[in-house]
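The values are calculated or read from the model by the stated rules, or taken from the named source; none is laboratory data. Note that the structure is predicted; figures quoted are calculated from it, not measured. For neighbour counting, all protein chains shown are included, and Cβ atoms are generated from backbone atoms with ideal geometry for every residue, glycine included. Keep in mind that these areas ignore ligands, DNA and RNA; they rest on the heavy atoms of the full protein, side chains included. Shrake-Rupley method; radii C 1.70, N 1.55, O 1.52, S 1.80 Å.
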Amino acid sequence: MNSLWPIVIGGILPAIFWGITAIFQKQSATAAYLIAFGAACALTGVIAALIWRPAPWTAEGLGFAATSGACFAVGTGLISFTLFTYGVPVSKLAPIWSCNVLVTLAIGAVFLGEASELDIIKLVAGTLLIISGALLVSSA
């Protein structure tokens, strides 16, 4: 990779925005959070579709997008439920749900054929660091 821009644009900035998202989720304190969140996502999607490069709209692509949105909504709903029902601080949950990268990595390796690109030693070491880091930070 010649530039750090893809890392900044596709990695660092989303991490910052998702971190901010968790704070607003905690502050919203309403069951309507998913509705407002979904509407904001839909509006952002429409704007992005109008600005960014055109891509074909296929039934398969829309199905994948809808499944992704449903999974995200269920996860977000479970976080909201836990925050409000059990009164868990967002700072305790965020490190744990941030382990989602391990789920993405496993699914990408198995179903998208990306396993051949993985260094098993680094994968195991990174997984142990992520899990121990999440447990350490969430218990701080």
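Summary table
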| quantity | calculated |
| --- | --- |
| Lone unmet requirement of (1) open to solvent by 70 Å² or more (accessible area, probe 1.4 Å); (2) modelled with pLDDT of 85 or more; (3) more than 16 Å from the chain's Cα centre (by Cα); (4) among the polar types (S, T, N, Q) for GLN27 | (2) |
| Unmet criterion (only one of (1) more than 30 Å from VAL124 (Cβ to Cβ); (2) open to solvent by less than 90 Å² (accessible area, probe 1.4 Å)) for TYR86 | (2) |
| Answer from PHE17, PHE24, PHE72, PHE64 - the residue that is part of a helix (DSSP H, G or I) and farther than 30 Å from VAL124 by Cα | PHE24 |
| Region 66-105, residues that are in contact with a Phe, Trp or Tyr (Cβ under 8 Å, 6 or more places away or on another chain) and β-branched (Val, Ile, Thr) | THR76, ILE79 |
